[in-house]
Amino acid sequence: MENNEARIDKWLWAARIFKTRTIAAAACKKGQISMQGAMLKPSRMVKAGDVIDVRKPPITYSFKILKPIERRIGAKLIPEVLENVTSPEQFELLEMSKISGFVNRAKGTGRPTKKERRNLEEFANETPLYFGDFDFDDDDDNETGED
């Protein structure tokens, strides 16, 4: 018996777009899976010929479903199941993000990169500036209210 429809979360897992079905279902719930601009629920049935968009930052992949399957298959059989119709602009965006370096980590979170560590060590090893006999208490002059 040939199935002509499959659940989107099962298809995403079976087509090896996501590592587990749980991750595929979570992506659907987060709104990362869409078809013709509409977000899909994990239980949505898809059929051959449907084009789905999978948002995996920094780009959005587009896949045309050639065969709706719900059982995981070998990696060599993937071309029979889906066709990657992602636009070249999206791949250029991916290349640009790779060139620009690791941009997903917010400054100040996690371990410093090698460059950041070297900058920190350089800053820590700098000789302190000598201010001499400079008086930092300039507020004493204005206590009387005179300008």
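Bear in mind that the values in this text are calculations on the coordinates, not laboratory data. If you're wondering where the values come from, they're calculated on a predicted model, not measured in any experiment. FYI the Cβ positions are ideal-geometry reconstructions off the backbone, even for glycines, and counts take in every protein chain you see.
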For the pair Met39 and Arg72, how long in nm is the line joining their label points, each one 7 Å along Cα→Cβ? 2.7
I need the calculated FRET efficiency for the pair Val51 and Glu116, taking r as the beta carbon distance and R₀ as 30 Å, to the nearest 0.05. 0.10
Given an 8 Å cut-off on Cα distances and at least 6 residues of separation, report the relative contact order of the range 24-123 as a percent. 17
For the range 5-119, what is the number of Lys pairs with C-alpha distance below 12 angstrom, counting only pairs 8 or more positions apart or on separate chains? 7
If you wrap a convex hull around the C-alpha atoms of the range 31-87 and split its volume per residue, what is the figure in Å³? 98
Evaluate the distance, in nm, between pseudo-label points positioned 7 Å from the Cα of Phe91 and of Asn4 along their respective Cα→Cβ axes. 3.3
Pro79 neighbourhood, Cβ < 12 Å, K/R = +1, D/E = -1, net charge +2
All alpha-carbon distances of the range 18-64, grouped into 10 Å bins from 0, give the whole-percent distribution 28, 62, 10
